[in-house]
Amino acid sequence: MPVRSPYPDVEIPDVSLFDFLFTGFGERAGDPALIDGSSGATITFGELEGMVGKIAAALAERGIGAGDVVALFAPNTPHYVAVFHGILRANAVVTSVNSLYTPGELAHQLADSGAQLVFTVSPFLDRAMAAAAEVGLPPQAIVVLDGAEGHTGLRDLLATTAEPPAQTVTGADTAVLPYSSGTTGRAKGVVLTHRNLVANLQQISVMGKVAGDTKILAVLPFFHIYGMTVMMNQGLHKRSTVVTMPRFDLQEFLRVISEYRVGRVYIAPPVAVALAKHPIVDQYDLSCIDVIFSGAAPLDAELGHAVAKRLGCTVLQGYGMTELSPVSHCMPDDRPDLDLNSCGFAIPNVVSKLVDPETGEEVGPGGRGELWVKGPNVMSGYLNNPEATAITLDDEGYLHTGDVATVTEEGVFTIVDRVKELIKYKGYQVPPAELEALLLTHDKIADAAVIGVHDADGEEVPKAFVVRQQDTDLTADEVMTFVAERIAPHKKVRVVEFIDQIPKSASGKILRKDLRARERAS
Ligand code: AYL
């Protein structure tokens, strides 16, 4: 039987994300919406709304409008938020890009999404220029937020005297195109509509006590759907104050929390390890923390309890996926008694079921099955990729997550395994297919396959099985260096094993199951 959320359905207004978030700041207009954790610079709700309107007007003047795609390649700052919503307010679409991407990776996303304009910052300009050149975008198509010679800067956009264009987008229109590999293959554009994003904000709204006096830490990147929905947009929705950090640095993270008295901290599990174990944590007054919420990879309950005890706060876990906008299951603030290995209940308007991947039979409480999710937060599909969409979304509207879960009689879900190829390194996606394709470009490599293995700290890391070309010598270090020079650091191959042959099915598909079994046996 499909499991319905135990929460009553919430209403999802049929409006654009801009109208949903920016309507009626009223008395709050003068309150801080965003604080730059590094500099302390603050933007109020009213100021943000003004900036969004100007950016939209300036984009419209430059010919950007309905359906156009604009890439956002920048670290978390208050200006990121203004630009993100300025692009949407111009009726255009945001494709958010991983800040660590190499020019090649960025070029792939620019070409695949059809981006016409790129927003970046001066420290990223070299990579943006190289990628733009690769896909034939002129240098003038790169806006440098903090300014650079020969490029439009944020200041230029804000100087416009034009009015923002009429809003033409509806809930059904595409709002963002984050990239995800999903269950198989390379990173693909995930088509999320305004309605998807509005829905997920309404759905998570009933789960957590996030309010006008809550300070939210945004250290996880806004380019990833976790930062985008749960930090940036939830913060705006609840009229909370979002404190931004451009990257994770433990000392700076602790300083910012302590100095700005942050109450709600969203993390991925590796941060929990530092919070539980690092001696430096004791040097900061972290009594302001009310809730630490972990998502993006499995949190170990023991670790979570250690963090809760050390900091005297509540630790909660949620589950999500880019394709789900992203949250589908989470622990509510008022149930810290739930098993911390679990990811709580299905959120409102979500129906989920567990299906045995071998038999296709539905599995009930006590059994294990692939998690299928249906709800208003489910993506409309992968951009220009009906084959991948068909593999992931079925005719009844269920999204097949590729994650294996269990459920209790009460409706509490726990993720216990993964049946998809995807590897998660510190919560970031590593698509094996991409690494395999890259490895095959090495002239001394005859064949290769990549799977996730666990290192001594229990961290999932990519491991490559490599078949050398006949009569060649190739070392593990050479393989790792070759990969590291061509991709973002989180996708590095961290273990290499040479092997005589990659196990494959009759149709030539890599038998990852056999490689995993080999790994367990070693
Ligand atoms: P993507 N436990 C185990 N695996 C998880 C968990 C979890 N709590 N959360 C995410 N994953 C894995 O698209 C799982 O394999 O989005 C899933 O299919 O980068 C994959 O990560 C999706 O990776 C929130 C808000 C989680 C955000 C998110 C992260 C979305 C990550 C919970 O409340």
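The values are calculated or read from the model by the stated rules, or taken from the named source; none is laboratory data. Just so you know, these numbers come straight off a predicted model, no measurement behind them. FYI the Cβ positions are ideal-geometry reconstructions off the backbone, even for glycines, and counts take in every protein chain you see. These accessible areas exclude ligands, DNA and RNA; they are computed on the full protein's heavy atoms, side chains included. Shrake-Rupley method; radii C 1.70, N 1.55, O 1.52, S 1.80 Å.
Numerical summary
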{"quantity": "Inverse mean reciprocal Cα-Cα distance (Kirkwood Rh) of segment 391-521, Å", "calculated": "16.3"}
{"quantity": "Heavy-atom accessible surface of segment 55-179: percent carbon and sulfur, 1.4 Å", "calculated": "52"}
{"quantity": "Dimensions (Å) - segment 65-111, Cα atoms, principal axes, largest first", "calculated": "29, 25, 8"}
{"quantity": "Average accessible surface area per residue within segment 1-52, 1.4 Å rolling probe, Å²", "calculated": "51"}
{"quantity": "Accessible surface of segment 269-313, 1.4 Å probe, proportion on carbon and sulfur as whole %", "calculated": "54"}
{"quantity": "Per residue, the convex hull volume that the Cα atoms of segment 164-227 enclose (Å³)", "calculated": "157"}
{"quantity": "Per-residue SASA entry for Thr161, accessible area with 1.4 Å probe, Å² rounded to 10", "calculated": "130"}
{"quantity": "Around Arg512: net Lys/Arg minus Asp/Glu count, Cβ-Cβ under 12 Å", "calculated": "+4"}
{"quantity": "With eigenvalues of the C-alpha gyration tensor scaled by 5 and rooted, the chain, Å", "calculated": "34, 29, 24"}
{"quantity": "Which listed pairs, of Lys424/Lys504; Lys188/Lys209; Lys238/Lys492; Lys309/Lys420; Lys215/Lys309, have C-alpha distances above 29 Å, in listed order", "calculated": "Lys188/Lys209; Lys238/Lys492; Lys309/Lys420"}
{"quantity": "Descending principal axes extents, segment 1-42, alpha-carbon based, whole Å", "calculated": "52, 25, 18"}
{"quantity": "Along principal axes, Cα extents of segment 37-169, largest first, whole Å", "calculated": "38, 36, 24"}
{"quantity": "DSSP bridge orientation in the chain - percent antiparallel, rounded to nearest 5", "calculated": "60"}
{"quantity": "Positive minus negative residues near Asp173 (Lys, Arg vs Asp, Glu; Cβ under 15 Å)", "calculated": "-1"}
{"quantity": "Selection of GluC sites (Glu not before Pro), segment 406-439, meeting DSSP coil and at most 13 other Cβ within 10 Å", "calculated": "Glu409, Glu410"}
{"quantity": "Net +/- balance of residues flanking Glu436 in space, Cβ distance below 11 Å, scoring K and R +1, D and E -1", "calculated": "-1"}
{"quantity": "Mean accessible surface per residue for segment 380-522, computed with a 1.4 Å probe while every protein chain stays in place, in Å²", "calculated": "50"}
